There are 2 protein chains.
Amino acid sequence: MRVDYALLTDLYQITMAQGYWDAGKGREEACFSMYFRDYPFKGGFAVACGMAQLAEMVESYRFADDDVAYLAGLSAPGGGPLFSEDFLAYLADFRLTCDIDAVREGTVVFPHEPLVRVTGPIMECQLLETALLNCVNFQTLIATKAARVCLAAGDAPVAEFGLRRAQGLGGVWASRAAVVGGCASTSDVLAGKLFDIPVSGTHAHSWVMSFDDELTAFREYARIFPKNCVLLVDSYDVEQGIRNAITVGLEMRERGERLAGIRIDSGDLSWLARMARRMLDEAGLEDCGIVLSNDLDEHTIKSILDEGTPVTSWGVGTKLACAFDQPTLGGVYKLAAVREPGAEEWTNRLKISESAAKLTTPGVLDVRRYYHDDGRIAGDMVFDVTRPVDGREVIVDPVDDLRQKRLAGKRYETLLAPLARGGRAVLAPEDRSAMAARERARAGLATLDETQKRMLNPHTYPVGLEYGLFERRRELVASLRGIV
Amino acid sequence: MRVDYALLTDLYQITMAQGYWDAGKGREEACFSMYFRDYPFKGGFAVACGMAQLAEMVESYRFADDDVAYLAGLSAPGGGPLFSEDFLAYLADFRLTCDIDAVREGTVVFPHEPLVRVTGPIMECQLLETALLNCVNFQTLIATKAARVCLAAGDAPVAEFGLRRAQGLGGVWASRAAVVGGCASTSDVLAGKLFDIPVSGTHAHSWVMSFDDELTAFREYARIFPKNCVLLVDSYDVEQGIRNAITVGLEMRERGERLAGIRIDSGDLSWLARMARRMLDEAGLEDCGIVLSNDLDEHTIKSILDEGTPVTSWGVGTKLACAFDQPTLGGVYKLAAVREPGAEEWTNRLKISESAAKLTTPGVLDVRRYYHDDGRIAGDMVFDVTRPVDGREVIVDPVDDLRQKRLAGKRYETLLAPLARGGRAVLAPEDRSAMAARERARAGLATLDETQKRMLNPHTYPVGLEYGLFERRRELVASLRGIV
């Protein structure tokens, strides 16, 4: 799908770009950090996603002739054209030159640490903001939701099938993000084709309803799809539906085939699944699986499994594809430093706020992830790559500076990796693959303590600012408060 | 944006299509109804949207060569190719032939009435399901949310600017739906270009932060954009920000220009806006507007206005673009009737459920909207176009049959209009225009009683099944319960 990323932006980004240009700041360099402030879903982690689309955006970023013509037709509210001819001519030839660093897709991430860092002419940084946030916010949200759902489901695979209730075309990337977060497959064929992820599906109630009776519908389905036969048993009456499925399952066995499963999509799933298991087992169809679906999320899945219900696999739609209980991540993209063209040194920038949680972090930021000897993660340090790290390797919670932790002596890795250099995407193929990101997420989640993966009231993982960075931020706040 | 609508579907739709084909039902005709069951946002109405994209979908619906190649590569879980070569050859030549009828975009609609009706070969109806629901569910949701926000805002225009927090590319259609629902403009440039809707915007905190001080940033912005100058005053300290804006506003006046407004994006908006109004008025800048933004929705807007706060316009982002408090509509698409190829008569189909609200309505459905003499709407009747309407024109609530209402003698109009005939889109240009849909929504909302537009606990508008249809449905339920 070809997306016109240059126009996938808020008008004010282009207005400001013209402003920077007119103000002689066209070559001034800036560094922006993208991060989120709050754990989604009241959980204890997030799974980063959206970086593959970011790379695609960088690759195709152009103002096409009809884009420029469209912008040329816009008027200022007070009259006259909104954009100058000079600036429009500049846009027509515009090419990205910035550097982008980002965590790899599937990386487990936490609030207040940069997921993406953009460094380059301030105009470029500004032009990229909206599309970058649109992409990373949403996909990280869905990958995180999927990880929660899959953690709840344990060993049983989860198929994502929320496209019909998804937010328009966002659903196509939701399907990909769901797989990155841990889903085994998606029903979304376009996502399957675009992103090389597994697709799966059974049949709908309409299949059953289109025949005069359910047994005939089941027999026809089994005849046509003997290697793929999962029968939906709740079109009319679940108990009778299971009996009809058993009839067909036994007929399939006679022919040397196998009824792969039945699916239940309404009613009390836990009660019905246990009834189905008994009926199937009594009929000798122990190898027939049970698929459950119907408005499931991590909480309903956990509750069904807590009752000891036997479930072979899950179908999760609406509540996953639009992240029903929290449909947006709220990630932000903030100016963190500026410098004159050609200068070596960065000048830190900060936005003050009445709320400590909304204070930005200045500097050219990256993240060190420290590990315990047993492989579990010990703490994340947000640091400024242009300054020395204080030897004590102490982190200070960005919102509550009484929370501090010393990490010296532990091994660590650095999270940001190059995504673009000089305006060209440099993300390796293995860093664009959804299935590789899925494996990275699985491995990353395994480094969390179980208490940090609890669905409600999880143990908070330590993330903080490197001590020197914390002190520089405090001084900058004091200085700005002194000025204003 | 070119979308591959043929693959924008759940895998099981294509699987079932092959099933219908193999079962010799390829030419069997079906009629499906798309409707929703519950009022979104606990409100009293919805605004239909998504029909323009439906028409675009019909026009571009093809399985391209690479789509067919992708499908040919899929395997059944039990081994072997999922789709047969014959069926794939059929898909390669597939063209839609169905009829689609839909309410016009912007029409005020209610639960249990068909928004879209698809009539044609059952395979086609099935293939269209997912994309149709994806499109109409989401856009109707956002248009409805926007209508609520704009009703709360009263005369002050609302600008939508949620793209950065929207669900990926869904955000582009969210921007269009927001305008259909009543927003005056969107920040989303791509939506502006694609859908010919007004775009607007001011500047961000980063503009201010990129300068050494706020006053310089404001002066530069005013110099560059004298006809479009709205200054964001909360980067450091709102009171000082307003003072700086006043300084610039007075300088502009000296030059014969006008400071159009200030924007406040954090803090207690109501308190700050009243302070700003006093300060601006005392400085003689009575013509400087006040724009408020920051996580607004219909409830916060109403609360701010209830305090008598003077607001010139609103910017609404996150909570509108992803419909934060209810991010999906939950509309369904149900088989309602079938007939053999060439047959005149339809056979009604019904899905029974344990819950009365989930029972489907059989028949080839349309809606009559009845009006009081004063122009207010009186009641909506869901009826079967292939059967005579009972002369009493009584409607029966589909969930509670004790609620009935007689509508005979009132004037009415019929809501469904042709969107496609024989697989070709026939929607008129005026029925594809977002701005025309916006006007239709405005006019439609004016036909509701004020009590039906209340934000919480609204008066319920009467919608019911035509009496004969209600009786046929009851008989069909009894007959199906007898069979199973």
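The values are calculated or read from the model by the stated rules, or taken from the named source; none is laboratory data. Fair warning: this is a prediction, and the values are worked out from it, not measured in the lab. Glycine also receives a Cβ, built like all others from the backbone with ideal geometry; neighbour counts cover every protein chain displayed. The protein model used for the area step is the full one, side chains on, heavy atoms only, and it has no ligands, DNA or RNA in it. Shrake-Rupley method; radii C 1.70, N 1.55, O 1.52, S 1.80 Å.
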* To do: Check residue B:167 against each of (1) among the polar types (S, T, N, Q); (2) open to solvent by less than 10 Å² (accessible area, probe 1.4 Å); (3) more than 12 Å from chain A (Cβ to nearest Cβ) and name the one condition it does not meet.
  => (3)
* If you go through region B:196-218 one residue at a time, do you hit one that is touching a residue at least 40 places away in the same chain (Cβ under 8 Å) and over 16 Å from residue A:10 (Cβ atoms)? -> yes
* region A:113-136 residues that are at the interface with chain B (Cβ under 10 Å from one of its Cβ atoms) and assigned to a helix (DSSP H, G or I), paired with ones that are open to solvent by less than 10 Å² (accessible area, probe 1.4 Å) and acidic (Asp, Glu) (beta carbon under 8 Å, 6 or more apart) -> A:129/A:10; A:130/A:10
* To do: Would you mind stating whether residue A:35 is under 28 Å from residue A:112 (Cβ atoms), out of contact with any helix residue (DSSP H, G or I) (no Cβ under 8 Å at 6 or more places or on another chain) and open to solvent by 20 Å² or more (accessible area, probe 1.4 Å)?
  => no
* **Residues of region B:20-62 satisfying the condition of being within 19 Å of residue A:166 (Cα to Cα) and aliphatic (A, V, I, L, M)** => B:34, B:46, B:47, B:48, B:51, B:52, B:54, B:57
* Confirm whether residue B:155 is open to solvent by 10 Å² or more (accessible area, probe 1.4 Å), within 13 Å of another protein chain (Cβ to nearest Cβ) and out of contact with any strand residue (DSSP E or B) (no Cβ under 9 Å at 6 or more places or on another chain). => no
* State which residue pairs qualify: first residue more than 7 Å from chain A (Cβ to nearest Cβ) and within 30 Å of residue B:189 (Cα to Cα) and inside region B:1-19, second residue surrounded by fewer than 24 Cβ atoms within 10 Å (Cβ to Cβ) and of a type in the set (D, E, K, R) in any location, beta carbons under 9 Å apart, and separation of 6 or more residues or different chains. => B:5/B:56; B:5/B:62; B:6/B:62; B:6/B:67
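Residue by residue, here is whether (1) touching a helix residue (DSSP H, G or I) at 6+ places or on another chain (Cβ under 6 Å); (2) within 18 Å of residue A:328 (Cβ to Cβ) holds:
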position: A:85; (1), (2): no, no
position: A:89; (1), (2): no, no
position: A:93; (1), (2): no, no
position: A:100; (1), (2): no, no
position: A:106; (1), (2): yes, no
position: A:121; (1), (2): no, no
position: A:133; (1), (2): yes, yes
* Would you be able to say whether some residue in region B:347-364 is over 30 Å from residue A:203 (Cβ atoms), modelled with pLDDT of 95 or more and within 14 Å of another protein chain (Cβ to nearest Cβ)? => no
* **Residue pairs meeting the criteria (Cβ under 6 Å; at least 6 apart or on separate chains; first without any contact (Cβ under 8 Å) to a residue 60 or more places away in the chain, in region B:145-157; second buried (at least 21 other Cβ atoms within 10 Å of the Cβ))** => B:150/B:158; B:150/B:182
* Asked: Which members of region B:173-220 meet the condition of being at the interface with chain A (Cβ under 7 Å from one of its Cβ atoms) and among the β-branched types (Val, Ile, Thr)?
  -> B:189, B:199, B:202
* Structure fact -> Filtering region B:20-50 down to residues that are among the aromatic types (Phe, Trp, Tyr), closer than 30 Å to residue B:454 by Cβ and facing chain A (nearest Cβ under 9 Å) yields none
* To do: Could you please give the count of residues in region B:183-198 that are surrounded by 24 or more Cβ atoms within 10 Å (Cβ to Cβ) and assigned to a loop (DSSP other than H, G, I, E, B)?
  => 2
* Can you tell me which residues in region A:388-408 are over 20 Å from residue A:36 (Cα atoms), part of a loop (DSSP other than H, G, I, E, B) and open to solvent by less than 80 Å² (accessible area, probe 1.4 Å)? -> A:389, A:390, A:391, A:393, A:407, A:408
* **Residue list for region B:75-94, restricted to those being part of a helix (DSSP H, G or I) and either under 18 Å from residue A:228 (Cα atoms) or of a type in the set (Asp, Glu) (or both)** => B:85, B:86, B:87, B:88
* Asked: Got a sec? Which of B:174, B:204 is under 25 Å from residue A:323 (Cβ atoms) and aliphatic (A, V, I, L, M)?
  -> B:174
* Taking the options B:421, B:368, name whichever one is among the basic types (Lys, Arg), within 30 Å of residue A:169 (Cβ to Cβ) and touching a strand residue (DSSP E or B) at 6+ places or on another chain (Cβ under 7 Å). => B:421
* Would you point out the residue of region A:20-35, among those that are over 28 Å from the mean Cα position of the chain (by Cα) and touching a residue at least 60 places away in the same chain (Cβ under 8 Å), that is nearest to residue A:49 (Cα to Cα)? => A:29
* Give me the pairs: first residue in region A:457-484 and on the phi < 0 side of the Ramachandran plot and surrounded by fewer than 20 Cβ atoms within 10 Å (Cβ to Cβ), second residue at pLDDT 95 or above and of a type in the set (D, E, K, R), beta-carbon distance under 6 Å, and six or more apart or on different chains, which are they? -> A:462/A:405
